[in-house]
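Readers should treat all values here as calculations from the given coordinates under stated rules, not as data from a laboratory. As the structure is a computational prediction, the values presented were derived from the model and not from experiment. Cβ placement follows ideal geometry from the backbone for every residue including glycine, while neighbour counts extend to all protein chains displayed.
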Amino acid sequence: MKTINLPAGATHVLYGDLAHLIADALWPTSGEDDERLGYGLTRVALDNELKQAVQSGALHVKDPLTCGTHAFPIGQALLSSLVTVADLSDYVADRGITVPVETAEQSGQQSGKNGKRWNPALISEVRDYRASHTEKETAEKYGVSGSLIRRKLAPPKKAKAQPFDRLGSMKK
């Protein structure tokens, strides 16, 4: 079975990459001297086919800024739009191509040097531990540097004053 392998945790694919991903799944490399003429012909054909699929509504694209329905998917706006992994999977299923969906946790990928994700729950846990321990002890317990502990536990910075901020409060 042919597959399109995406990075773990991927939820969207860039429309501009679809032709390459599908053609690569249909015509994988077979060696160093592989000219892949079939890949090239398929990719050119897919460029037109994908545009028609978007225009007919068979393939749904999303606006990259809002992740909502794309209002005007033409030209560069179409190339930079997004397609959900589920929509891609449905679109390529009739070609015998699968798109395995794997979360970052399933693949064993970890974020950061020690595999900890700095979510609000972890930050509050570190803050509670730090209240009764030194910075060095906290850093050793969580396997990070003291400077990272300081950065993560620092209060949010205040917004800097802008040139005309106080004009509204002036009275004549």
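Think of each Lys and Arg Cβ as +1 and each Asp and Glu Cβ as -1; about the Cα centre, that makes the dipole of the range 1-75 roughly 360 debye.
Packing order of peptides 128-140, 80-92, highest average first: 80-92, 128-140 (average count of other Cβ atoms within 10 Å over each peptide's residues).
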